[in-house]
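The values are calculated or read from the model by the stated rules, or taken from the named source; none is laboratory data. All values derive from a computational prediction rather than experimental measurement. All Cβ positions, glycine included, derive from the backbone under ideal geometry; neighbour counts span all protein chains shown.
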Amino acid sequence: MNSKRNVRTGPSGSVRILCAVLLAGAALAVPVTPASAAATAARPGSGQGIEDFYAAWSGRPLWFSQPGRQVDRLLQILSSAQVDGLDPGKYRVGALQRAVQAAASGSKRATRRADVMLSQALVDYVRDIRHPGDLGIIYVDANLRPGPPSPRAILDAAARAPSLERYVAEMGWMHPIYGQLRHALTSDQLTPQQRDLAMLNLERARELPAGNGRHIVVNAAAQRLFMYQDGQVVDSMRVVVGKQKYPTPMMTAYVRFANLNPYWYVPPDLAAERIAPNVIKQGQKYLDRQGYEVVSDFVENPTILDPGTVDWKGVADGKVNVLIRQKPGPHNSMGRIKFMFPNTQGVYLHDNPERELFEQAARLYSGGCVRLEAAWRLSHWLFGRDLTWEGAGVEEEVPLTTPVPVYITYLTAVPDGANIAFFDDVYGRDSARMAQLKTGAAVAAAK
């Protein structure tokens, strides 16, 4: 399976662009509710409005405070806002251009007016674009859901940038993936089909965090994990993700602790699919060899039950449920460490003893969790040290002093140097989203 394709080769047959009527940018617009100009102003006295920024800035201009093309960069972004699913007309680019021309006279009043207008336009745009879409992402920790920052926070971040021109050009208020994808969309390098796919992925990239904080991004479509720090990828590795019948969900959460020498609590469907047939063929010795135990509950100290009392044929047929855990050890499917962000879906990152799986081009073998090529490398990055455990049979929890966000996403179009790499739609989410957008466009046209 050819899972990665460069933009020059065009998308493979597995990427189905379902509707020619959606080729226009507006038809693939992300359904957001733009913040009105009035909404961008924080409540009086809150200290978070545009006027509060300028008061703290001692009335100095932001946009004309340093040499560079930051004004031109901003105007270019605003005039192409249809790429983001927004209306460029809202940002009054013509009026901004006239105000900037008036400021060129050197008049302090004209400069002040143009500067405030540019700041207002940036605030409006950033607050509009930071509204998340409805993409089926599970927010385990609600505060990781993206939302519009205050006007002052937007302008403070711009003012702190070493180069305002570079900050605007790279869209520093968004995740780097977003800015790079958007830049490609404003070029003439993509075919209409590729533009559709890139725009669809742009709305997923909108959910990724801005800023320089440490975080993990798992791209299930590419089957790869990335570690971000200070706005840059500092390391990456291959991963194994869910089979097509057990897709790894899009999810956002905090990694809060690691488990060393973990037990594996086998999901009931995998107990039926993987374990019961082997018990039927090989007997209870199979359970002993692999370190499986039948337990009363998935708790810390469950009652160990006699496997001879289990109807294993009924388990294999899906008629009987059984709770099985696998003891720590060399055969454990979790390997020697797992990274926990507790969630009701039972998804986490973990080590994997089946090393041969990482050599596959398409690594879709798990029950939904993410298996790591180099779990100990991730561990050292998270904890800043090598972790050790007490003994071969002891499960040990190691808390992470500062929880680190993990974003499990599904990007089938990603920046790849000066190009865009396209990945196969292994879970069918692209085609489903295209169909959803087509239906929405048809309903809107009928009104």
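Can you name every residue in segment 297-309 that is touching a strand residue (DSSP E or B) at 6+ places or on another chain (Cβ under 6 Å) and either surrounded by fewer than 18 Cβ atoms within 10 Å (Cβ to Cβ) or on the phi > 0 side of the Ramachandran plot (or both)? Break it down stepwise before answering.
From segment 297-309, those touching a strand residue (DSSP E or B) at 6+ places or on another chain (Cβ under 6 Å) are 298, 302, 304-305, 307; that's our starting set.
Phe298, Pro302, Ile304, Leu305 - these are the residues of segment 297-309 that are touching a strand residue (DSSP E or B) at 6+ places or on another chain (Cβ under 6 Å) and either surrounded by fewer than 18 Cβ atoms within 10 Å (Cβ to Cβ) or on the phi > 0 side of the Ramachandran plot (or both).
Can you tell me which of (1) part of a helix (DSSP H, G or I); (2) over 18 Å from Gln345 (Cβ atoms); (3) over 21 Å from the mean Cα position of the chain (by Cα) is the one Ala198 doesn't meet?
Unmet for Ala198, out of (1) part of a helix (DSSP H, G or I); (2) over 18 Å from Gln345 (Cβ atoms); (3) over 21 Å from the mean Cα position of the chain (by Cα): (3).
Just for strands (runs of 3 or more DSSP E) wholly inside segment 224-275: which have at least 2 residues that are within 22 Å of Glu354 (Cβ to Cβ), of a type in the set (Gly, Ala, Ser) and within 18 Å of the chain's Cα centre (by Cα)?
Numbers: elements: 224-229, 232-242, 251-260, 264-266.
Where strands (runs of 3 or more DSSP E) fall fully within segment 224-275 and carry at least 2 residues being within 22 Å of Glu354 (Cβ to Cβ), of a type in the set (Gly, Ala, Ser) and within 18 Å of the chain's Cα centre (by Cα), they are 232-242.
Is at least one residue of segment 95-106 crowded, with 21+ Cβ neighbours inside 10 Å, modelled with pLDDT of 95 or more and within 35 Å of the chain's Cα centre (by Cα)?
No, the conditions are met nowhere in segment 95-106.
Here is a list: Asp235, Asp230. Which entry is outside the structural domain of Arg69 (by TED's automatic domain parsing), at pLDDT 95 or above and surrounded by fewer than 18 Cβ atoms within 10 Å (Cβ to Cβ)? Step through it out loud before you land on a result.
On the way: Asp230 fails: at pLDDT 95 or above.
Sole residue among the options that is outside the structural domain of Arg69 (by TED's automatic domain parsing), at pLDDT 95 or above and surrounded by fewer than 18 Cβ atoms within 10 Å (Cβ to Cβ): Asp235.
Regarding segment 203-220, can at least one residue be identified that is in contact (Cβ under 8 Å) with a residue 60 or more places away in the chain, in the same structural domain as Arg325 (by TED's automatic domain parsing) and polar (S, T, N, Q)?
no
Is it true that Tyr410 is among the hydroxyl-bearing types (Ser, Thr, Tyr) and free of Cβ contacts under 8 Å to residues at least 24 places away in the same chain?
Values: among the hydroxyl-bearing types (Ser, Thr, Tyr): yes; free of Cβ contacts under 8 Å to residues at least 24 places away in the same chain: no.
For Tyr410, the condition - among the hydroxyl-bearing types (Ser, Thr, Tyr) and free of Cβ contacts under 8 Å to residues at least 24 places away in the same chain - is not met.
Residue by residue through segment 349-365, note down the ones that are without any contact (Cβ under 8 Å) to a residue 40 or more places away in the chain and outside any loop (DSSP other than H, G, I, E, B).
Arg355, Glu356, Glu359
Does any residue of segment 365-376 turn out to be modelled with pLDDT of 85 or more, under 21 Å from Tyr427 (Cα atoms), of a type in the set (A, V, I, L, M) and surrounded by 15 or more Cβ atoms within 10 Å (Cβ to Cβ)?
The initial filter retains those residues of segment 365-376 that are modelled with pLDDT of 85 or more, namely 366, 368-376.
Adding the requirement that they be under 21 Å from Tyr427 (Cα atoms) leaves 366, 368-372.
Applying the additional criterion that residues be of a type in the set (A, V, I, L, M) yields 370, 372.
Those left that are additionally surrounded by 15 or more Cβ atoms within 10 Å (Cβ to Cβ): 370, 372.
Yes, the conditions are met somewhere in segment 365-376.
Would a scan of segment 210-217 turn up a residue that is in contact with a strand residue (DSSP E or B) (Cβ under 6 Å, 6 or more places away or on another chain), of a type in the set (A, V, I, L, M) and part of a loop (DSSP other than H, G, I, E, B)?
Initially, segment 210-217 is screened for residues in contact with a strand residue (DSSP E or B) (Cβ under 6 Å, 6 or more places away or on another chain), giving 214-217.
Narrowing the set further to residues that are of a type in the set (A, V, I, L, M) leaves 216-217.
Filter again for part of a loop (DSSP other than H, G, I, E, B), leaving none.
No.
So, in segment 143-180, how many residues would count as being surrounded by fewer than 18 Cβ atoms within 10 Å (Cβ to Cβ), outside any helix (DSSP H, G or I) and over 22 Å from the mean Cα position of the chain (by Cα)?
Within segment 143-180, residues that are surrounded by fewer than 18 Cβ atoms within 10 Å (Cβ to Cβ), outside any helix (DSSP H, G or I) and over 22 Å from the mean Cα position of the chain (by Cα) number 3.
Of all residues in segment 263-316, which are within 25 Å of Arg336 (Cβ to Cβ) and aromatic (Phe, Trp, Tyr)?
If the condition is that a residue be within 25 Å of Arg336 (Cβ to Cβ) and aromatic (Phe, Trp, Tyr), then Tyr263, Trp264, Tyr265, Tyr286, Tyr292, Phe298 are the ones that fit.
Just to be sure, is Arg160 within 26 Å of Pro403 (Cα to Cα) and without any contact (Cβ under 8 Å) to a residue 40 or more places away in the chain? Write out each step before concluding.
Working: within 26 Å of Pro403 (Cα to Cα): yes; without any contact (Cβ under 8 Å) to a residue 40 or more places away in the chain: yes.
In short, yes.
Quick one: would you say Asn352 is surrounded by 15 or more Cβ atoms within 10 Å (Cβ to Cβ) and modelled with pLDDT under 95?
On the way: surrounded by 15 or more Cβ atoms within 10 Å (Cβ to Cβ): yes; modelled with pLDDT under 95: yes.
Spelling it out, Asn352 is indeed surrounded by 15 or more Cβ atoms within 10 Å (Cβ to Cβ) and modelled with pLDDT under 95.
If Ile408 satisfies all but one of (1) assigned to a loop (DSSP other than H, G, I, E, B); (2) of a type in the set (A, V, I, L, M, F, W, C); (3) at pLDDT 95 or above, what's the number of the condition it fails?
(1)
Go through segment 52-130 and tell me which helices (runs of 4 or more DSSP H), entirely inside it, have 2 or more residues that are over 30 Å from Asp196 (Cα atoms) and either aromatic (Phe, Trp, Tyr) or free of Cβ contacts under 8 Å to residues at least 24 places away in the same chain (or both).
Working: elements: 70-79, 93-103, 108-129.
So the answer is 93-103, 108-129.
Residue by residue through segment 181-195, note down the ones that are more than 23 Å from Ala169 (Cβ to Cβ) and assigned to a loop (DSSP other than H, G, I, E, B).
Thr191
Do we find that Arg214 is under 29 Å from Arg256 (Cα atoms) and either more than 15 Å from the chain's Cα centre (by Cα) or surrounded by fewer than 20 Cβ atoms within 10 Å (Cβ to Cβ) (or both) in this structure? Please lay out each step first, then the result.
Details: under 29 Å from Arg256 (Cα atoms): yes; either more than 15 Å from the chain's Cα centre (by Cα) or surrounded by fewer than 20 Cβ atoms within 10 Å (Cβ to Cβ) (or both): yes.
For Arg214, the condition - under 29 Å from Arg256 (Cα atoms) and either more than 15 Å from the chain's Cα centre (by Cα) or surrounded by fewer than 20 Cβ atoms within 10 Å (Cβ to Cβ) (or both) - is met.
Scan segment 266-286 residue by residue and report those that are in contact (Cβ under 8 Å) with a residue 24 or more places away in the chain and either in contact with a strand residue (DSSP E or B) (Cβ under 8 Å, 6 or more places away or on another chain) or exposed (fewer than 12 other Cβ atoms within 10 Å of the Cβ) (or both).
Within segment 266-286, Val266, Ala271, Ile275 qualify.
Given the options Gly346, Gly329, name the one that is within 30 Å of Ile137 (Cβ to Cβ) and assigned to a loop (DSSP other than H, G, I, E, B).
Details: Gly329 fails: within 30 Å of Ile137 (Cβ to Cβ).
From the options Gly346, Gly329, the qualifying one is Gly346.
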